[in-house]
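The values are calculated or read from the model by the stated rules, or taken from the named source; none is laboratory data. None of these values were measured; they are calculated from a predicted model. All Cβ positions, even for glycine, are placed from backbone atoms using ideal geometry, and neighbour counts span all protein chains on display. When the accessible area is computed, the model is the full protein with side chains, heavy atoms only, and any ligands, DNA or RNA have been set aside. Shrake-Rupley method; radii C 1.70, N 1.55, O 1.52, S 1.80 Å.
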Amino acid sequence: MHQFTINRRHFLQGTTASLALTALGAQGMDLVHRANPYRVGLIGTGWYGKSDLLRLIQVAPVEVVALCDVDKNMLADAAKLVSQRQKSGKTPRQYGDYRKMLADNQFDIVLIGSPDHWHALQAIDAMKAGAHVYVQKPISVDVMEGEAMVATARKYKRVVQVGTQRKSTPHLIDAKKTIVDAGLLGKVSHVEMCCYFPMRANGNPPVQAVPDFLDYDMWTGPAPLRPYDGIPHVRWWRTFQEYGNGITGDMCVHMFDTVRWMLKLGWPKRISSTGGIYVQKEGKSNISDTQSAIFEYDDLNCVWQHHTWGGPANPEYPWSFTLYGENGTLWGSTMQCDFIPKDDKGPTGGKKIHLDVVYEKEKYPEDLTEPTNPKIELNAAPATRLHMLNFLNAIETNGRPIADIEEGHISTASCILANMSMKLGRPLVYDPQKREVVGDREANALLARPYRAPYIHPDPKRV
């Protein structure tokens, strides 16, 4: 393992940042120093792929040696941007097939920012090629993919960090430490989570010719090959079950993962869900526009709700979680937290606590001018940087990162099981030891999606 040191200068400003760094085991960390830079590759150079990579470049010595994307235009733009941002000034090698990229190069780290239906195969192949992996959420589109990813990470002793960076969000770390762990809520016996963003693309574009700069067959990979009806990047692919798990798989996974982390929860005992397309029926989208799910634990239900039409129940918290304790309530989101005590008899004497998101615009002014589409999520940038530092710390210490692949699998698979429950119309009980839904043959047949030939679905028993 290479030697590295930590420069103990200011990383973030204020008490929230200090608590965040302490909780992550990285007090005062703002830059990793290493004798040799990490050799890095990126698969998927779209919005969040580039965002993750550029945040890594900001906090660690890296040499981005290769990029991969099936869109030649997006790939060329990303290569130019990386050459401007990495210290060496070198332009990474460009690939259209990630398998050739892995075969041609040796990587310390591979980042995966491709669409959800590619995450499992690419992560598994990168691990087998010798790299540690940072993979975006959700980690998989079916439960067995996730089981195979966990099995591969353990067999090959790879560090895998999942992009559920709420665990590295300064004000949420502060809330966990000073409110939840400090016992201000008392016993928490109910949780609500929601997303009311109008984020379900629902158009009717015509079938058209595939542009020459896009390898659509490779983009589709193991998923069903839909007729090409326009560039799938950014939002369009997310509106189809062929490539992902809908709003629940995309947005609930973040909030449910955060709640599990805050309350130290493992697998739910039982999962149920109802919903469907109730309002937005005019377009091609086949993911639910309205859905409720219940993740059951002992004396605790975690309830999810989304709808992609209308407005939010609380405009201040349109995508959020709420912890209901015997002594008060905690609202939390990517932007803020609010603790509301039940009365004036508690530890705070009735005083409310408000926590705001941390920005680093002055420290990283390049965040403000980053030429990505959509624009960088400024509120998430500090969290992603902390998440990268935690990832690197786990690599250097042979430890487990805060968003280890197993935790990402539990959160992802739980959301997938909720979608399965909605489809089947009944609650499901998943046994992670046996890797099966208890007493439900029909549900077990849905744990692994059929793959399009010639792709082969990973088997957790044969990694």
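Would you confirm whether any residue within segment 279-300 is open to solvent by 10 Å² or more (accessible area, probe 1.4 Å), over 16 Å from Ile416 (Cα atoms), in a strand (DSSP E or B) and modelled with pLDDT of 95 or more? Looking through segment 279-300, at least one residue is open to solvent by 10 Å² or more (accessible area, probe 1.4 Å), over 16 Å from Ile416 (Cα atoms), in a strand (DSSP E or B) and modelled with pLDDT of 95 or more.
Among the residues of segment 212-225, are any out of contact with any helix residue (DSSP H, G or I) (no Cβ under 9 Å at 6 or more places or on another chain) and either open to solvent by 30 Å² or more (accessible area, probe 1.4 Å) or without any contact (Cβ under 8 Å) to a residue 60 or more places away in the chain (or both)? The answer is yes; a qualifying residue exists.
Residue by residue through segment 269-278, note down the ones that are of a type outside the set (Gly, Ala, Ser) and surrounded by 24 or more Cβ atoms within 10 Å (Cβ to Cβ). Break it down stepwise before answering.
So the first thing to find is which residues in segment 269-278 are of a type outside the set (Gly, Ala, Ser), and the list is 269-271, 274, 277-278.
Answer for segment 269-278, where residues must be of a type outside the set (Gly, Ala, Ser) and surrounded by 24 or more Cβ atoms within 10 Å (Cβ to Cβ): just Ile271.
Scanning segment 355-373 for residues that are in contact (Cβ under 8 Å) with a residue 60 or more places away in the chain and open to solvent by less than 70 Å² (accessible area, probe 1.4 Å) yields Leu355, Val357, Val358, Glu360, Tyr364, Glu366, Glu370, Thr372. For the structure I just gave you, tell me whether Pro427 is surrounded by fewer than 21 Cβ atoms within 10 Å (Cβ to Cβ), free of Cβ contacts under 8 Å to residues at least 24 places away in the same chain and over 20 Å from the mean Cα position of the chain (by Cα). Criteria not met by Pro427. State all residues of segment 268-286 that are out of contact with any Asp or Glu (no Cβ under 9 Å at 6 or more places or on another chain) and of a type outside the set (D, E, K, R); if no residue qualifies, say none. Correct list: Ser273, Thr274, Gly283, Ser285. Mind listing whichever residues of segment 47-86 are in contact (Cβ under 8 Å) with a residue 40 or more places away in the chain, assigned to a loop (DSSP other than H, G, I, E, B) and open to solvent by 20 Å² or more (accessible area, probe 1.4 Å)? The answer is Val70, and nothing else. Screening the candidates Ile402, Ile376, Ile410 for the property of being assigned to a helix (DSSP H, G or I) and in contact (Cβ under 8 Å) with a residue 24 or more places away in the chain yields one hit, Ile410.
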